[in-house]
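Below is one structure, written out as C-alpha cells; the observations come after it.
The values are calculated or read from the model by the stated rules, or taken from the named source; none is laboratory data. Worth saying up front: this structure is predicted, and the values here are computed from it rather than measured. Cβ sites come from the backbone with ideal geometry, for glycine too, and all protein chains shown count toward neighbours.
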Amino acid sequence: MEKKAYHTQIKKNTKNLAIYTALWTISMAVATFGPKFIWGENKTLTFLGVLLNAIFGVVMILANIKHLKSQDELQKKIQLEGMAIALGVGIVGGLSYSLLDTTNLIAQDAEISFLVILIALTYLASVLIGYKRYA
C-alpha cells in the first residue's frame, strides 16, 4: 500500500473509532440518565436505551479491530501491550476490589465505575509509555 494511502486509511479508521466511541459514550449516558431525567420509569424506553448502547458498543469494538488491523507492527505492539496490561490490572484490581467489598473491609459497595476508570487510566498510561519507549 502506498504511504499516503496508508496514512489516509489510518486517519479514516481513527476518525471512525472516535465517532463510534463518542456514540457509545453518549448512548451510555442516555441509558443511564434517561430513566431518571427524561422518560421516567418507562421500562420499554429504558430497554431500548440499553439495547442501543449495546449495539453502539459492538460497532465500537468492530471499529477498534479495524483500526488495530490498519496499524503498522510497532503501533500494534504498543496497543496490544497496553491492552494486556489494562486487562491484567482490571482483573486483578477488580477482583481485589470486589473481595474488599464482600469481606466488608471497605464501608461502601464496590462500584463498577471505579474499575472502568482504573482500566482506562492504565491503558492510557501504558500506551503513552509504550510510545515514549519505542519513539
Kindly provide the set of residues from region 41-68 that are among the small types (Gly, Ala, Ser) and touching a Gly at 6+ places or on another chain (Cβ under 9 Å), ordered by number. GLY49
Would a scan of region 68-91 turn up a residue that is farther than 24 Å from LYS132 by Cα and modelled with pLDDT of 95 or more? yes
Which one is farthest from GLN75 (Cα to Cα), of the residues in region 31-44 that are out of contact with any Asp or Glu (no Cβ under 8 Å at 6 or more places or on another chain) and buried (at least 16 other Cβ atoms within 10 Å of the Cβ)? GLY34
Can you say whether GLY88 is surrounded by fewer than 14 Cβ atoms within 10 Å (Cβ to Cβ) and part of a helix (DSSP H, G or I), as far as the supplied structure shows? yes
